[in-house]
Protein chains: 2
Amino acid sequence: MRRAPQCLRLLGECTRRSLLRDSTAELRVVAASAQHQQLIGALEHRSSAADHSSSSSRPFTGGHAAHAFVLPSFGPVDPFQLVKEEIDSVSERLRRSIFTGIPTLRSAAQYFFKVGAEGKRFRPTMLLLMASSLSSVMPSADYLTVDDRPPNVHPAEERRRQQRIAEITEMIHVASLLHDDVIDNAEMRRGLKALNSVFGNKIAILAGDFLLARASVSLAALRDSEVIQLLSQVIEDLVTGEILQMTSTEEDLLSLDHYVRKTFHKTASLMANSCKAIAILGGQDREVAQLAWEYGRHVGLAFQFVDDVLDFTGSTMQLGKPTLNDLRSGLATAPVLYAAEEHPELNTLILRRFKSEGDVERAQELVFNSRGIQRARDLAAQHAQLAAQAVQSLPTCSNDHAIMCRQALTDITAKVLARKK
Amino acid sequence: MRRAPQCLRLLGECTRRSLLRDSTAELRVVAASAQHQQLIGALEHRSSAADHSSSSSRPFTGGHAAHAFVLPSFGPVDPFQLVKEEIDSVSERLRRSIFTGIPTLRSAAQYFFKVGAEGKRFRPTMLLLMASSLSSVMPSADYLTVDDRPPNVHPAEERRRQQRIAEITEMIHVASLLHDDVIDNAEMRRGLKALNSVFGNKIAILAGDFLLARASVSLAALRDSEVIQLLSQVIEDLVTGEILQMTSTEEDLLSLDHYVRKTFHKTASLMANSCKAIAILGGQDREVAQLAWEYGRHVGLAFQFVDDVLDFTGSTMQLGKPTLNDLRSGLATAPVLYAAEEHPELNTLILRRFKSEGDVERAQELVFNSRGIQRARDLAAQHAQLAAQAVQSLPTCSNDHAIMCRQALTDITAKVLARKK
């Protein structure tokens, strides 16, 4: 704790008081009682209050705060704000660590890591919160600075190693987006033109490969073969998920189980395995590592099912990509598969991948005239709840900061359900 | 040495006698004196004698021979025969280790690893010879069996770990071929249809990613972070080479230096770094590891420059891909860059990437009416010689098998120059 130890002590005290004062403890009880819908409502209400007050009531605003969880004097902890400063430093390091002397490759590789193009940084936020949730100490303010060592240098410090997992996870995630967008001929991503539509397919393929290569170098530097394997498995799962989607049989196309399996590979594996990697690097035992994996898996599944719903209910402006994109790509997601139980006519459309004139519109109509969207939301809610339960099942800890971060992990499960984009 | 120790002793004796009897020692002196062309001539002569006699005069033919270097009672050692049996077992394991339950992915990933589609298996041969060249003991016959442990299981035995490098290198190599063929819209590869033209671009991209993922899992199991990093660097270099080629400035397009740099990234890095990995896993010190790297680098450069020449002088039938492919793809390789020094007219054609009507034919004509092809061959010969010198510079060893494998590594440098396909 080279920087501002007194500030840290003050902040610790503030955190403790804040935890006692706000409704966090209460909410944990709510979550534990599995009434997850109530939690979502409560959090949504609290979020707007916090948004309203956050600019005026930060106890530490000057210079380098000890950590980014600068709480308003009332109201809740926003999971994203809690680690924002550290995430900013991880993002900055990520940008530097994918530097290359080849200008085109540099521009392409950095395209989705530029400030403003980084998306919600959902995965790194979740991972750093998981790291803190499992730690008996509050991370030192040192870790808010950018780690300027090259990717291939072995970091000794536990927190730096966990930050690397956050970077690597983002690299793998973006690499898979780049290849997916080539495969799907996508035009938009994160409200920007997809990389393939700016630089062409060739550069997009190579930029994806480059990110995978840098991710491998960075992984290697962690010198933990189990962690290396977990993240390598993710790359394989991403590919498997994409192939499962492309090569589905007729039976697969109509099967919710197949759909969930594909979704695990395409979305949840990255979150599950990276959460587990965080636990392993944090020195946790098998059981805790497995709970971290469960958390990531269920959040990932919930995340994707909500995404499927938003493809029907969102707007292009909010999502940064066109709506009804799944139907237009020939994909039957959870709302459609549920709707087909009420309207068997949908099966024919699913099997011909909505390719005949008017199929997309007809499918949309049938989905809206069914319980498909609600049932997909319910499925997402079940997984969000299971994720919250995984956090509740972690061994008891007495560290206030860890308790707050566990609460933030639970809050994330609700935010996933409530998200509009 | 569980299997046939007596056989091994006999074979060791045979090797010793064979080394004394044939012209190996002499040839090493020739190589050391840097008269590499003479060596090539001698080897070409010896190779045909060996081809002629190999079927009739093997001293050990029954059952599992101690190793695959079943020498004829006269004539030379063919580097490829020397480790053929072990390479067969490595190839079989490779096929098994990229198994997946997803049928399309399995077919695509295994496409270039099927018996008959594996190419010359040049890289794994070179790597196992390097492994034996640096070993004080002859590998046990146990290592001729297929290692059936899954890719993610850590092998304790040095030779098994080195075999894994041979597998991983092939996986990375084929992954890069798959992506390159998508990028170049290639139609043929190894005398077969290119994977993209059979399964489509999407599956080819994903199969490449899948191979990279399996390579990463296998690499992780080696639990040697330096080795993991060396091979991860290769993936980055492959990408960098491709991008250097795609984004060349006018100055780059006319520069031999740029061309050599690109060639290192695209071809030689894989050989250099995998050779170095073999040395590191063999417990060698920095200096020896660096010599192994130099060997791989120079062999890789020589290999590519010969490839460039064959694109002009070979036949489609021999090469398994069309000739003048480089010109048609807009690439000016060594013969063209040298020819341009005599015929500045070529510069215009190079800069417009041979895209105007008649450019390819005119460029071919100018190259044939110049010393371009000879100078490219000379450049290849220089690098082959440097590779041989790297082997000669290895610390003295008294192990006959290692000496024979070093000779085989030197012979490979000559074979690279003499190859017709």
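Assorted remarks:
- Qualifying residue in the range B:103-113 (condition: more than 14 Å from chain A (Cβ to nearest Cβ) and outside any helix (DSSP H, G or I)): no
- Per-region count, the range B:299-346, residues hydrophobic (A, V, I, L, M, F, W, C), open to solvent by 10 Å² or more (accessible area, probe 1.4 Å) and in contact with a Pro (Cβ under 9 Å, 6 or more places away or on another chain): 1
- In the set B:Arg160, B:Arg223, only one residue is within 10 Å of chain A (Cβ to nearest Cβ) and surrounded by fewer than 23 Cβ atoms within 10 Å (Cβ to Cβ); that residue is B:Arg223.
- So A:Leu212, is it under 26 Å from B:Leu231 (Cβ atoms), hydrophobic (A, V, I, L, M, F, W, C) and within 11 Å of another protein chain (Cβ to nearest Cβ): yes
- Filtering B:Glu167, B:Glu92 for residues that are in a helix (DSSP H, G or I), within 16 Å of B:Leu222 (Cα to Cα) and either at pLDDT below 95 or acidic (Asp, Glu) (or both) leaves a single hit, B:Glu167.
- Residue match in the range B:91-101 (condition: of a type in the set (Gly, Ala, Ser) and either free of Cβ contacts under 8 Å to residues at least 24 places away in the same chain or within 14 Å of chain A (Cβ to nearest Cβ) (or both)): yes
- Among the numbered conditions (1) without any contact (Cβ under 8 Å) to a residue 60 or more places away in the chain; (2) of a type outside the set (D, E, K, R); (3) touching a Lys or Arg at 6+ places or on another chain (Cβ under 7 Å), the only one that A:Ser218 does not meet is (1).
- Tally of residues being over 20 Å from A:His154 (Cα atoms) and more than 18 Å from the chain's Cα centre (by Cα) across the range B:226-260: 20
- Test: residue in the range A:115-138 that is over 21 Å from the mean Cα position of the chain (by Cα) and among the polar types (S, T, N, Q): yes
- Scanning the range A:322-353 for residues that are on the phi > 0 side of the Ramachandran plot and over 23 Å from the mean Cα position of the chain (by Cα) yields A:Gly330, A:Arg353.
- The helices (runs of 4 or more DSSP H) found entirely in the range B:205-296 include none that carry 2 or more residues being out of contact with any helix residue (DSSP H, G or I) (no Cβ under 9 Å at 6 or more places or on another chain), modelled with pLDDT under 90 and not hydroxyl-bearing (Ser, Thr, Tyr).
- The one condition from (1) in a helix (DSSP H, G or I); (2) surrounded by fewer than 19 Cβ atoms within 10 Å (Cβ to Cβ); (3) modelled with pLDDT under 90; (4) out of contact with any Ser or Thr (no Cβ under 6 Å at 6 or more places or on another chain) that A:Asp142 does not meet is (3).
- Failed item in (1) more than 8 Å from chain A (Cβ to nearest Cβ); (2) in contact (Cβ under 8 Å) with a residue 40 or more places away in the chain, with B:Leu206 passing the rest: (1)
- Pairs meeting the criteria (first residue in the range B:256-268 and surrounded by fewer than 23 Cβ atoms within 10 Å (Cβ to Cβ), second residue hydroxyl-bearing (Ser, Thr, Tyr) and in a helix (DSSP H, G or I), beta carbons under 8 Å, at least 6 apart or on different chains) are B:Leu256/B:Tyr338; B:His265/B:Thr240.
- Residue in the range B:189-196 that is without any contact (Cβ under 8 Å) to a residue 40 or more places away in the chain and of a type outside the set (S, T, N, Q) present: yes
- Selection status of A:Leu178, facing chain B (nearest Cβ under 7 Å) and either in contact (Cβ under 8 Å) with a residue 24 or more places away in the chain or on the phi < 0 side of the Ramachandran plot (or both): no
- Of the set (1) facing chain B (nearest Cβ under 9 Å); (2) of a type outside the set (A, V, I, L, M, F, W, C); (3) open to solvent by 10 Å² or more (accessible area, probe 1.4 Å), all apply to A:Ser218 but (3).
- For the range B:354-375, the set of residues classified as touching a residue at least 24 places away in the same chain (Cβ under 8 Å), more than 24 Å from the chain's Cα centre (by Cα) and open to solvent by 20 Å² or more (accessible area, probe 1.4 Å) consists of B:Lys355, B:Gln364, B:Phe368, B:Asn369, B:Ser370, B:Arg371, listed by residue number.
- Top-ranked residue in the range B:188-203 [being part of a helix (DSSP H, G or I) and surrounded by fewer than 23 Cβ atoms within 10 Å (Cβ to Cβ); ranked as farthest from the other protein chains (Cβ to nearest Cβ)]: B:Ser197
- Scan of the range A:226-254 for residues that are in contact (Cβ under 8 Å) with a residue 40 or more places away in the chain and either away from chain B (no Cβ under 12 Å) or touching a strand residue (DSSP E or B) at 6+ places or on another chain (Cβ under 8 Å) (or both), ordered by number: A:Glu250, A:Leu253, A:Leu254
The values are calculated or read from the model by the stated rules, or taken from the named source; none is laboratory data. Everything quoted here is computed from the prediction, not taken from an experiment. Reconstructed Cβ throughout: ideal geometry from the backbone, glycine too, with neighbour counts over all protein chains shown. Calculation scope for accessible area: heavy atoms of the full protein, side chains included, ligands and nucleic acids excluded. Shrake-Rupley method; radii C 1.70, N 1.55, O 1.52, S 1.80 Å.
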